[in-house]
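Trainee: Before anything else, here's the structure in question.
We did not get these values from a lab; they are worked out from the coordinates using the rules stated. The model shown is predicted, which means the values in this text are computed figures rather than measured ones. Positions of Cβ are backbone-derived with ideal geometry, glycine not excepted, and every protein chain shown enters the neighbour counts.
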Amino acid sequence: MKHKLEADSIQLAFNNRKILSDIYLKCETGKITGLVGRNGQGKSCLMQIIYGSLKCEKSVRIDNLSQPEAFKKPDFLKYLPQFNFIPKQLSLKRIFKDYELDYSPFEKKFPEFASKYKSSIGSLSGGENRIVELYVIVKSKSQFAMLDEPFTHLSPVQTEKIKELLTKEKANKGLLITDHMFNHVTEIADAIYVLVNGKTHLINNLEEIEILGYVRF
């Protein structure tokens, strides 16, 4: 069964400066939806609004049912923020147990973690930490997952493995991704929104990104 996450009617301002005011965004299961835009346009704020951790006027719906506090329903939506969110003292063994995931497939895909099952996540490098947090968010049960800067601190080899993982996992959920390394997003996305001056634009081809002033090819 296909599921649909939608967000609109969003009004967000800081110090009388409108950040978001003309938003419509749709993410569907079976697809990767990309969200790109210059720094400061409000991409992270939009994800936090959808998740429910940033309060403002909005309408967020999953399958046409209002979900103003989606963070309370992890079976519907999980969120990878820009910052590390798992307590540093937790071991990978504990983390995978909490997320009800088998460590073996993870270890097979990322053999550098073969000897780190009992290590704390705080002992890992920045890239390794990101991989663990991203993996458990993407692989654990939910209809949708939002990923904010998933490629941060990753090596080129790790980045390619993560793109493979996301492309495969979209069969099980809808993925909404934003990253300042927009080429990684546009390479794997099935639909792309550009956020400019508080408004989202669903583009039909990559040339429209240049027309909207985001980047020059």
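Trainee: L80's amide H: which non-local residues (gap 5+, or another chain) put their own amide H closer than 5 Å, with H modeled 1.01 Å from N in plane and none for Pro or chain starts?
Mentor: HN-HN under 5 Å from L80: M146, L147, D148.
Trainee: A further question follows. Report the label-to-label distance for N205 and S91 in nanometres (one decimal), using points 7 Å from each Cα along the Cα→Cβ vector.
Mentor: Using points 7 Å along Cα→Cβ, the separation is 5.5 nm.
Trainee: Still on this structure, please answer the following. Packing-wise, with mean Cβ within 10 Å as the measure, how do 131-139, 194-202, 96-104 rank, highest first? Let's see the in-between values first.
Mentor: On the way: 131-139: 21.8, 194-202: 18.6, 96-104: 13.6.
Listed from highest to lowest mean packing, they are 131-139, 194-202, 96-104.
Trainee: Still on this structure: Using the Cα gyration tensor of the stretch 90-217, with a ≥ b ≥ c the square roots of its eigenvalues, what is the shape: rounded (a/c below 1.5), prolate (a/b larger than b/c) or oblate (neither)? It would help to have the intermediate numbers written out before the result.
Mentor: On the way: a/c = 2.51, a/b = 2.06, b/c = 1.22.
It is prolate, given that a/c is not under 1.5 and a/b is the larger ratio.
Trainee: So in the chain, what percent of DSSP beta bridges are antiparallel if you round to the nearest 5?
Mentor: On the way: 20 of 37 bridges.
Around 55 percent of the beta bridges assigned by DSSP in the chain are antiparallel ones.
Trainee: Another question, then. Can you give the local net charge around S119? Use residues other than it whose beta-carbon is closer than 10 angstrom to its beta-carbon, Lys and Arg +1, Asp and Glu -1.
Mentor: Numbers: positive: K93, K116, K118; negative: E128.
For residues surrounding S119, the net value is +2.
Trainee: Over the alpha-carbon set of the chain, divide Rg by the Kirkwood Rh and report the Rg/Rh ratio to two decimals. Write out the running numbers ahead of the final one.
Mentor: Working: Rg = 17.2 Å, Rh = 17.8 Å.
With Rg and the Kirkwood Rh in hand, the quotient comes to 0.97.
Trainee: What size of dipole, in debye to the nearest 20, comes out for the stretch 1-118 about its Cα centre when the only charges are +1 on Lys and Arg C-beta atoms and -1 on Asp and Glu C-beta atoms? Please list the in-between numbers first.
Mentor: Details: 22 positive and 13 negative charges, 69 e Å.
In debye, rounded to 20, the stretch 1-118 gives about 340.
Trainee: Related question: Express the relative contact order of the chain as a whole percentage, based on alpha carbon pairs under 8 Å and six or more residues apart in sequence. Intermediate values should be presented prior to the final figure.
Mentor: Details: 402 pairs, mean separation 64.4, N = 217.
Answer for the chain is 30 percent.
Trainee: A further question follows. Let's test the formula: R0 of 41 Å, r as the Cβ-Cβ distance of L101 and N16. What FRET efficiency results, to the nearest 0.05? All intermediate terms of the calculation are to be shown ahead of the outcome.
Mentor: Working: r = 45 Å, r/R0 = 1.10.
According to the calculation, E is roughly 0.35.
Trainee: Suppose every Lys and Arg Cβ carries +1 and every Asp and Glu Cβ carries -1, with no other charges. What dipole size does the chain come out with about its Cα centre, to the nearest 20 debye?
Mentor: Dipole of the chain, to the nearest 20 debye: 560 debye.
Trainee: Right, another one. Is the C-alpha gyration tensor of the stretch 92-148 telling us rounded, prolate or oblate? Criteria: a/c under 1.5 is rounded; beyond that, a/b larger than b/c is prolate, otherwise oblate. It would help to have the intermediate numbers written out before the result.
Mentor: On the way: a/c = 1.71, a/b = 1.38, b/c = 1.24.
Prolate, because a/c is 1.5 or more and a/b exceeds b/c.
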